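Beneath this line is the structure, given in structure tokens, with notes to follow.
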Amino acid sequence: MTATLDLSPILKSPRLPDIAATLNDRLRDETERRERFYDEMSDDQKVEFIEGEVIVHSPARNRHLCAKLSLATLLNTFAQVHKLGEVRDEKCLCVFPRNDYEPDVVFFGHEKSAAFTKQTMKFPVPDLAVEVLSDTTEQRDRGVKFEDYEAHGVREYWIVDAEAESVEQYVLEDGAFRLLLKSGSGDIESRVVPGFRIPIRAIFDSATNLETLRRLLA
């Protein structure tokens, strides 16, 4: 269910034709830029297309990389052992109606992953998306991405703060994200990946991660 937008002020405006023409011009220009983005993108860069602009990401700090890899390893192991779907990492280009994102970690259930081939480069909206915050991405992770994920059916969204060593877990209910958990301790359990429950410390601590991985493989 998608939240309804209140367009009544625009629809009642005497400038509606001018507004519509401006929007059409903007969308046409964005469409052309997006096609060039698809033609020019390469798999050796992390790039996103957001609001008509190509965003090239700089290398991440070690704490960011470690948290992403730790969580991706646990989630992928669990999903593969229990045959629940497919997990991908930050080079997975997820295509939304207007924007293209490469979240740090994503999960697709069987309904979506069944269509994947070895040549797939454009992926659908994920069922679960994870973003690990950095100084350069936090505004987008909490801003346009949060809004876009919420509006277009990402059923669960985790925001991982590697510096504070904490996680925020949002779940989609009636078209809006609800904060289910914000913590740096205890367990976190996915609503989208059935049975996936891990200690939050396993994302940030290598010993806890290894212990959790052994349990998931048992």
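The values are calculated or read from the model by the stated rules, or taken from the named source; none is laboratory data. Source: prediction; values computed, not measured. Reconstructed Cβ throughout: ideal geometry from the backbone, glycine too, with neighbour counts over all protein chains shown.
Points worth noting:
- For the range 49-57, the condition of being farther than 22 Å from Glu165 by Cα, modelled with pLDDT of 95 or more and under 14 Å from the mean Cα position of the chain (by Cα) holds for at least one residue.
- Within the range 80-95, the residues that satisfy the criterion of being modelled with pLDDT of 95 or more and among the charged types (D, E, K, R) are Lys83, Glu86, Arg88.
- Whichever residue in the range 201-218 is within 23 Å of Phe108 (Cα to Cα) and among the hydrophobic types (A, V, I, L, M, F, W, C) and, among such residues, is surrounded by the most Cβ atoms within 10 Å (Cβ to Cβ): Ile203
- Sole residue being more than 18 Å from Glu156 (Cβ to Cβ), hydroxyl-bearing (Ser, Thr, Tyr) and modelled with pLDDT of 95 or more, chosen from Thr117, Thr4: Thr117
- Restricting the first member to the range 126-141 and to residues that are within 16 Å of Val154 (Cβ to Cβ), and the second to residues that are among the hydroxyl-bearing types (Ser, Thr, Tyr), the beta-carbon pairs closer than 6 Å and six or more apart or on different chains are Ala129/Tyr149; Ala129/Tyr157.
- 2 or more residues among the charged types (D, E, K, R), touching a residue at least 24 places away in the same chain (Cβ under 8 Å) and surrounded by 13 or more Cβ atoms within 10 Å (Cβ to Cβ): qualifying strands (runs of 3 or more DSSP E) within the range 1-100: 85-89
- Selection of first residues in the range 181-197 that are of a type in the set (Asp, Glu) and of second residues that are surrounded by fewer than 16 Cβ atoms within 10 Å (Cβ to Cβ) and at pLDDT below 95, restricted to Cβ pairs under 9 Å at least 6 apart or on distinct chains, gives an empty result.
- Qualifying residue in the range 178-186 (condition: at pLDDT below 95 and in contact with a Phe, Trp or Tyr (Cβ under 8 Å, 6 or more places away or on another chain)): no
- Screening the range 101-110 for residues that are closer than 25 Å to Ser58 by Cα and not aromatic (Phe, Trp, Tyr) and picking the one that is surrounded by the fewest Cβ atoms within 10 Å (Cβ to Cβ) gives Glu102.
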